[in-house]
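Asker: So that we are looking at the same thing, I have put the structure below in structure tokens.
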Amino acid sequence: MQSKIDLYTSEIQGFTPENADELERFRIKFLGTKGIIKDLFEEFKGVSAEEKRVLGKVLNQFKQFAEQRYSALKEGFGSQEKDQQSSEDLTLPGSGMEIGGRHPLSLVRKEILEIFKRLGFVVAEGPEIEDDWHNFSALNFPEEHPARDMQDTFFIKKNSGRDDIALRTHTSSVQVRLMEQGKPPFRALMPGRVYRNEAISARAHCFFHQIEGLYVDEKVSFADLKQTLYYFVQELYGEGTKVRFRPSFFPFTEPSAEMDISCSICKGEGCQMCKQSGWVEILGCGMIDPNVLENVGIDSKKYSGFAFGMGIERITNLKYQIKDLRLFSENDIRFLKQFQSEIV
Ligand code: PHE
């Protein structure tokens, strides 16, 4: 009996049915009511008590093995059959394809870049991990100066100021890289992600996106800066949008200003978004400090320039009236779907 079981075991092991019919014949042969296993159990009744002790276990294991093999093979055929069915029945409705949409920040970034491209600005990018020189020192932030605290920095390696490595706190670092590498005139936009060590809330995040603009040539004046930004605002928020400049401070620009626009939501009448003032701030700007030009090897007597920087989140919030910054990075499909119609 033992040798019979051994033979059947190797037969089952080598069994690879080509179709479901063959598998069914296998089931009848081994597991059917008049099948081999049934016969073996009949035979088992007749063996001596001593043999029974050993054979009982062997027989049960064999039965289990045959059953397992059968169900494993059956599963394989089951799924194959289903596949065949669906590929054959051409009348079944097709499975729909979900089309993704662009992220609102990408949409707005694209829109901003396109407006400035019409004025001849090109796009430049730089690394998100920066050294102290490009993020601070070259931009006229004196070492150990409190101006560095304006931007809470994530340091990767903190040595002595000059050797520090950090996540860039603004895209102004790309300004430095661009000017170091080339010769004026420069007319560039620098979009990118920036990082600041701030607690995450509806109004602040530890990372956000900026677009910085840079214009350097002979005889560039504050009037050029104003006109460029005025044009930008009319294009982005519609004609008739008013602008105003308030004096401000940035280490790398002198004079510096912050630019407000008449609130795009209430058109200047006063609402929650503009805190009833009718104005909302959208960017910082100024004439590039001569020290910055000299730091990157540009003759500040011959050349002058302006720079401006804006947060893409802020511009997007004003455009779509989004009140919570966290929505931009949570990947909530219900939020993102609202922008799907604007695939470009
Ligand atoms: N880098 C400044 C900031 O992050 C913005 C800015 C850019 C201001 C260029 C003036 C000129 O706040």
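The values are calculated or read from the model by the stated rules, or taken from the named source; none is laboratory data. Small disclaimer: the values here were computed from a predicted structure and weren't measured. We place every Cβ from the backbone using ideal geometry, glycine too, and count neighbours over all the protein chains shown. Heads up: the accessible areas ignore ligands, DNA and RNA and are worked out on the full protein's heavy atoms, side chains in. Shrake-Rupley method; radii C 1.70, N 1.55, O 1.52, S 1.80 Å.
Asker: Name the residues in region 291-302 that are touching a residue at least 24 places away in the same chain (Cβ under 8 Å) and either assigned to a loop (DSSP other than H, G, I, E, B) or in contact with a Lys or Arg (Cβ under 9 Å, 6 or more places away or on another chain) (or both), would you?
Answerer: The answer is Val296, Gly297, Ile298, Lys302.
Asker: Considering only residues of region 299-317 that are open to solvent by 10 Å² or more (accessible area, probe 1.4 Å) and away from the ligand (no atom under 15 Å from the Cβ), which is nearest to Arg244 (Cα to Cα)?
Answerer: Our first condition is that a residue be open to solvent by 10 Å² or more (accessible area, probe 1.4 Å); within region 299-317, this holds for 299-304, 309, 311, 313-314, 317.
Subsequent filtering for residues that are away from the ligand (no atom under 15 Å from the Cβ) retains 299-303, 317.
Working: Asp299: 31, Ser300: 28, Lys301: 29, Lys302: 29, Tyr303: 26, Asn317: 20 Å.
By that ranking, first place goes to Asn317.
Asker: Any idea which of Gly126, Gly101, Gly120 is within 22 Å of Asp332 (Cβ to Cβ) and open to solvent by less than 80 Å² (accessible area, probe 1.4 Å)?
Answerer: Gly101
Asker: Quick check on this structure: which one of Ile28, Ile36 is of a type in the set (A, V, I, L, M, F, W, C), modelled with pLDDT of 90 or more, open to solvent by 70 Å² or more (accessible area, probe 1.4 Å) and within 21 Å of Thr9 (Cα to Cα)?
Answerer: On the way: Ile36 fails: open to solvent by 70 Å² or more (accessible area, probe 1.4 Å).
When all the criteria are applied, what remains is Ile28.
Asker: Follow-up. Out of everything in region 179-198 that is more than 26 Å from the chain's Cα centre (by Cα) and open to solvent by 10 Å² or more (accessible area, probe 1.4 Å), what residue ends up being farthest from Asn295 (Cα to Cα)?
Answerer: This residue is Arg187.
Asker: Restricting to region 235-257, give me the number of residues that are out of contact with any Leu (no Cβ under 7 Å at 6 or more places or on another chain) and outside any strand (DSSP E or B).
Answerer: Number satisfying all stated conditions: 8.
Asker: For residues in region 262-274 being free of Cβ contacts under 8 Å to residues at least 12 places away in the same chain and either within 18 Å of Thr241 (Cβ to Cβ) or part of a strand (DSSP E or B) (or both), which is nearest to the ligand (Cβ to nearest atom)? Working first, answer last.
Answerer: The initial filter retains those residues of region 262-274 that are free of Cβ contacts under 8 Å to residues at least 12 places away in the same chain, namely 267, 269-272, 274.
Narrowing further to those that are either within 18 Å of Thr241 (Cβ to Cβ) or part of a strand (DSSP E or B) (or both): 267, 269-271, 274.
Working: Lys267: 27, Glu269: 29, Gly270: 27, Cys271: 25, Cys274: 20 Å.
Only one residue fits best here, namely Cys274.
Asker: On to the next question. Can you confirm whether Asn331 is under 22 Å from the mean Cα position of the chain (by Cα), assigned by TED's automatic domain parsing to the domain that holds Tyr195 and either without any contact (Cβ under 8 Å) to a residue 12 or more places away in the chain or within 16 Å of the ligand (Cβ to nearest atom) (or both)?
Answerer: yes
Asker: Checking the condition open to solvent by 10 Å² or more (accessible area, probe 1.4 Å) and at negative phi, which residue from Cys285, Cys266 passes?
Answerer: Working: Cys285 fails: open to solvent by 10 Å² or more (accessible area, probe 1.4 Å).
Step by step, each of Cys285, Cys266 is checked, and only Cys266 is open to solvent by 10 Å² or more (accessible area, probe 1.4 Å) and at negative phi.
Asker: Looking at (1) out of contact with any His (no Cβ under 8 Å at 6 or more places or on another chain); (2) within 14 Å of the ligand (Cβ to nearest atom); (3) modelled with pLDDT of 90 or more, can you tell me which one Ala204 breaks?
Answerer: (3)
Asker: Given the options Glu235, Glu218, name the one that is within 21 Å of Glu281 (Cβ to Cβ) and acidic (Asp, Glu).
Answerer: Result: Glu235 is the single residue among Glu235, Glu218 that is within 21 Å of Glu281 (Cβ to Cβ) and acidic (Asp, Glu).
Asker: What are the residues in region 199-232 that are charged (D, E, K, R), part of a strand (DSSP E or B) and open to solvent by 20 Å² or more (accessible area, probe 1.4 Å), if any?
Answerer: Asp217, Glu218
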